[in-house]
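Everything on this sheet refers to the single structure shown next.
The values are calculated or read from the model by the stated rules, or taken from the named source; none is laboratory data. Keep in mind that what you see is a predicted model, and the values were worked out from it rather than measured. Positions of Cβ are backbone-derived with ideal geometry, glycine not excepted, and every protein chain shown enters the neighbour counts.
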Amino acid sequence: METLAQLPIREIVAKDYRAALVFRAFGIDFCCKGDLTPLEACTRKKIDPKELLNRLIEAFTSPREEQFDFASWPLPLLVKYVETKHHKMIRDRIPMIQNFLKRVVKVHGNHEPHLRKVKQLFDKATQNLAEHLKREELIIFPYIKKISGDQNRRSLLLGPAFEPIREAIHKLMEEHEQEGNYLNEIRVLTHNFTPPEYACNTYKVAFSLLEEFDKTMQKHMHLEHHILFPAALSIELDQDFN
């Protein structure tokens, strides 16, 4: 347990994604603040570390929902997973959630002003996502597939030729951090997406969709920040040392 308490959160989540659900339940950002250890995060959040660590151990010993070791996957397979599993869902959900939030704000916004803020934050978090995903699909992902494939051509794709890709990857990670900040604010404003007792079905569905979207984005950012992008950048480093 002591070793677990001293590992970076990103490493814990990279080894077993079920840890992400525990960190989320305690309001701990496992993506953009993933360099913190559980002890450091507990100190900042004023959480009992024993409670958090016990929940983590409980999660690790429970049956897996998805028995995927993403860190061991070939990069082209991981790219395909991100595109088919996350990108489609994100694109489908954005207009749907915007429509539900618009209806909820229209009915409840006057006496629940925080709902207007929730809609504003969601719009900010998603306004550039379509272009962001397109850059991944048209530029970054094809390049990652190339450099992880034919080793004879790899030297032509790395070195100076890789510099724009490296910069684009870092830009995407910065955008993820800002998107994550907006979603964190929504999580706080909605009390972890908990509708009030009097909420109508539209209100409840809006919050359920928001929660689903948040989980998908968190997992999407985790896979790219902590597995896919570092692995792609490490190929260039390995090439430099050979």
Restricted to segment 1-49 and to residues being surrounded by fewer than 17 Cβ atoms within 10 Å (Cβ to Cβ) and among the β-branched types (Val, Ile, Thr), the residue modelled with the lowest pLDDT is Thr3
In the set His176, His170, the lone residue that is modelled with pLDDT of 90 or more, assigned to a helix (DSSP H, G or I), buried (at least 17 other Cβ atoms within 10 Å of the Cβ) and not charged (D, E, K, R) is His176
Looking for whichever is under 20 Å from Pro95 (Cα atoms) and either free of Cβ contacts under 8 Å to residues at least 40 places away in the same chain or assigned by TED's automatic domain parsing to the domain that holds Ile90 (or both) here; the options are Met173, Met217. Which one fits?
-> Met217
Could you tell me which of the residues Thr194, Thr202, Thr216 is within 20 Å of the chain's Cα centre (by Cα) and surrounded by fewer than 20 Cβ atoms within 10 Å (Cβ to Cβ)?
-> Thr216
With criteria (1) crowded, with 18+ Cβ neighbours inside 10 Å; (2) free of Cβ contacts under 8 Å to residues at least 24 places away in the same chain, Lys80 comes up short on (1)
Within segment 175-190, can you find the residues that are more than 12 Å from Gly27 (Cβ to Cβ) and of a type in the set (Val, Ile, Thr)?
-> Ile186, Thr190
Every listed condition ((1) buried (at least 17 other Cβ atoms within 10 Å of the Cβ); (2) without any contact (Cβ under 8 Å) to a residue 12 or more places away in the chain) holds for Leu56 save (2)
Filter result for Ala41 (among the small types (Gly, Ala, Ser), in the same structural domain as Tyr182 (by TED's automatic domain parsing) and touching a helix residue (DSSP H, G or I) at 6+ places or on another chain (Cβ under 7 Å)) = no
Among the residues of segment 186-199, is there at least one that is within 17 Å of Lys88 (Cα to Cα) and without any contact (Cβ under 8 Å) to a residue 40 or more places away in the chain?
-> no
Conditions (1) out of contact with any helix residue (DSSP H, G or I) (no Cβ under 9 Å at 6 or more places or on another chain); (2) farther than 30 Å from Ala19 by Cβ; (3) modelled with pLDDT of 90 or more: number failed by Gln151 | (3)
Among the helices (runs of 4 or more DSSP H) contained in segment 17-136, which hold 1 or more residues that are among the hydrophobic types (A, V, I, L, M, F, W, C) and more than 19 Å from Tyr182 (Cα to Cα)?
-> 18-25, 38-45, 49-61, 75-81, 88-108
Leu78 more than 30 Å from Cys200 (Cβ to Cβ), under 17 Å from the mean Cα position of the chain (by Cα) and not assigned by TED's automatic domain parsing to the domain that holds Ala14 = yes
Does any residue of segment 91-106 turn out to be of a type in the set (Lys, Arg), under 29 Å from Glu131 (Cα atoms) and buried (at least 17 other Cβ atoms within 10 Å of the Cβ)?
-> yes
Would you pick out the residues in segment 179-207 that are farther than 19 Å from Asp123 by Cβ, part of a helix (DSSP H, G or I) and of a type in the set (Gly, Ala, Ser)?
-> none
